[in-house]
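Peer 1: Before I ask anything, let me first share the structure, which is written out below as structure tokens.
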Amino acid sequence: MNHAEEKLAQIDPSQRILLLPHCLRRVDTCQAKYTKQGLQCVECNPDCTINRLRQAALKLGYKGVCIAPGGQLALRYVKETSPKGIVAVACTKELEEGVHSVTELAGDEAPPIVIVPLSKDGCVDTEVNEKKALAMIALGCSLAPVRGSI
Ligand code: SF4
């Protein structure tokens with residue numbers, strides 16, 4: 001475990017948030033609408049990565065999940081929810097900007113950010129290693145989020 005992962009593992013899920021990029025949705029069939037809080041997933045597809053990761057975090061008791069179309073909205077969500085720990089799935093560019101912004105926002109008090117990079121980048125129908133993402137979401141939790149997934 002790296003330093004951020006060790007710190008996150010000690011934080012109760014109720015103080016953590018999960019940030020997901022909207023590009024992980026199944027763009028051709030997605031029924032979610034965009035709001036000021038990001039994409040509002042309606043759980044239309046059990047095979048959708050966003051659906052599975054979001055449900056895993058909520059089952060573990062996460063404070064919230066933001067499906068963001070961009071770094072600015074994700075940052076606003078961080079400001080509004082003031083989490084003590086963050087798990088973020090994103091492309092390299094968004095991650096670099098996001099981590100920098102959160103650190104700037106909170107200074108020494110910045111929450112640990114555990115990052116799961118996309119395995120297929122590109123803005124539409126992207127992919128992430130779901131097993132790895134689920135393992136990061138469940139760090140320090142005794143309960144596996146989805147049976148047999150880790
Ligand atoms: S499960 Fe959610 S994010 Fe995935 S395609 Fe359906 S509404 Fe969109």
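Peer 1: Output the relative contact order of the range 3-137, whole-number percent, from Cα pairs under 8 angstrom with separation of 6+ residues.
Peer 2: Details: 220 pairs, mean separation 43.5, N = 135.
Computed value for the range 3-137: 32 percent relative contact order.
Peer 1: Please name which of Q40, G98, V128 has its Cα lying farthest along the dipole of the chain towards the positive end, using unit charges on Cβ (Lys, Arg +1; Asp, Glu -1) and the Cα centre as origin.
Peer 2: Sorting the options by dipole projection puts first Q40.
Peer 1: Which values, in whole Å and largest first, are the semi-axes of the equivalent ellipsoid of the chain obtained as the square root of 5 times each eigenvalue of the Cα gyration tensor?
Peer 2: Equivalent-ellipsoid dimensions as semi-axes: 21, 18, 14 Å.
Peer 1: Follow-up. Sorting D12, D47 on the 10 Å Cβ count, fewest up front, what's the list?
Peer 2: The most exposed by this proxy come first: D47, D12.
Peer 1: Just rank C41, C123, C48, fewest to most, by other beta-carbon atoms within 10 angstrom.
Peer 2: Ascending Cβ contact count within 10 Å gives the list C123, C48, C41.
Peer 1: Here's something else I'd like to know. Which loop trypsin sites (Lys or Arg not before Pro) in the range 29-79, with loop taken from DSSP, have no more than 13 other Cβ atoms within 10 angstrom of their Cβ?
Peer 2: For trypsin sites (Lys or Arg not before Pro) across the range 29-79 that sit outside H, G, I, E and B with at most 13 neighbouring Cβ atoms in 10 Å, the list reads K36.
Peer 1: Also, quick follow-up: Given Cβ point charges of +1 (Lys, Arg) and -1 (Asp, Glu) and nothing else, what value in debye, to the nearest 20, does the dipole of the chain about its Cα centre take?
Peer 2: The dipole magnitude comes to about 500 debye.
Peer 1: With θ set to phi - 60°, apply the Karplus curve 6.51 cos²θ - 1.76 cosθ + 1.60 along the range 20-34 and write out the HN-Hα couplings as whole Hz, x wherever there is a Gly or Pro.
Peer 2: In residue order, the calculated couplings are 10, x, 5, 5, 7, 5, 7, 4, 6, 10, 4, 9, 6, 10, 8 Hz.
Peer 1: Say R0 is 25 Å: what FRET efficiency, to the nearest 0.05, do D47 and A9 get from their beta-carbon distance?
Peer 2: Once the sixth-power term is evaluated, E becomes 0.30.
Peer 1: Just add up the charged neighbours of T49: K/R +1, D/E -1, any other residue whose Cβ is under 13 Å from the Cβ of T49.
Peer 2: +2
Peer 1: With +1 on the Cβ of every Lys and Arg and -1 on the Cβ of every Asp and Glu, and nothing else charged, how large is the dipole of the range 53-99 about its Cα centre, in debye rounded to the nearest 20? It would help to have the intermediate numbers written out before the result.
Peer 2: Details: 7 positive and 4 negative charges, 52 e Å.
Once rounded to the nearest 20, the dipole reads 260 debye.
Peer 1: Starting from the coordinates of the alpha-carbon atoms of the range 1-59, obtain the Kirkwood hydrodynamic radius over all distinct pairs and give the value in Å to one decimal. Before the final figure, lay out each step's value.
Peer 2: Details: mean 1/r = 0.0765 Å⁻¹.
Answer for the range 1-59: a Kirkwood hydrodynamic radius of 13.1 Å.
Peer 1: For a test of understanding, tell me how many lysine pairs in the range 3-137 have Cα atoms under 19 Å apart, given they are 8 or more places apart or on different chains.
Peer 2: So the count works out to 13.
Since every read-out is calculated from the coordinates, none of them should be taken as a lab result. Please read these numbers as outputs of a predicted model, since none were measured by experiment. Note: ideal-geometry Cβ built from the backbone for every residue, glycine included; neighbour counts use all protein chains shown.
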